[in-house]
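Below is one structure, written out as structure tokens, with a few remarks after it.
The values are calculated or read from the model by the stated rules, or taken from the named source; none is laboratory data. Since we're looking at a predicted model, the values are computed, not measured. Heads up, the Cβs are rebuilt from the backbone with ideal geometry, glycines too, and the neighbour counts pull from every protein chain shown.
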């Protein structure tokens with residue numbers, strides 16, 4: 001679907017906080033999208049940040065993630081072998097492996113990514129801020 005979107009981890013967190021660093025235009029696109037997706041790597045990244053004290057959550061990370069995706073009607077895209085391999089084959093502009101999984105997911109599924117990370121612009125994907 002051409003108006004579907006993929007949220008990166010920060011965008012998911014911002015959405016859960018009512019918008020955070022997302023522009024009003026991007027929030028409107030999320031609200032009107034036919035489908036909104038998030039990579040399963042975002043659950044890992046949020047869990048890791050929560051465990052290390054990098055982010056505070058009102059409950060455990062698994063419960064938080066499940067509640068947020070259900071509340072916002074977001075579908076979780078699992079990491080399969082195609083995404084795993086492509087994440088390694090991408091040009092080395094971005095060094096964060098979690099972001100590389102998200103970029104590979106966007107590439108394979110032809111989805112624009114909602115992100116605050118300017119490094120995503122180095123890849124052949126559409127981005128929204």
**Report entry** Search result, residues across the range 1-31 that are within 15 Å of residue 75 (Cα to Cα) and without any contact (Cβ under 8 Å) to a residue 40 or more places away in the chain
**Finding:** 1, 3, 31
Report summary line: Condition set under 24 Å from residue 27 (Cα atoms) and in contact (Cβ under 8 Å) with a residue 40 or more places away in the chain, scope the range 72-97, selection surrounded by the fewest Cβ atoms within 10 Å (Cβ to Cβ): answer is 75
**Report entry** Qualifying residue in the range 66-76 (condition: in a helix (DSSP H, G or I), in contact with a helix residue (DSSP H, G or I) (Cβ under 6 Å, 6 or more places away or on another chain) and modelled with pLDDT of 95 or more)
**Finding:** yes
**Report entry** Test set (1) farther than 22 Å from residue 16 by Cα; (2) touching a helix residue (DSSP H, G or I) at 6+ places or on another chain (Cβ under 6 Å); (3) part of a loop (DSSP other than H, G, I, E, B) - residue 116 fails condition number
**Finding:** (1)
Query - Counted residues, the range 15-38 - those being part of a helix (DSSP H, G or I) and either out of contact with any strand residue (DSSP E or B) (no Cβ under 9 Å at 6 or more places or on another chain) or exposed (fewer than 13 other Cβ atoms within 10 Å of the Cβ) (or both) - result: 7
Query raised in the report: Of 57, 111, which residue is surrounded by 14 or more Cβ atoms within 10 Å (Cβ to Cβ), part of a loop (DSSP other than H, G, I, E, B) and in contact (Cβ under 8 Å) with a residue 12 or more places away in the chain?
Result: 111
Query raised in the report: When the range 39-54 is examined, which residues are found to be within 15 Å of the chain's Cα centre (by Cα) and in a loop (DSSP other than H, G, I, E, B)?
Result: 40
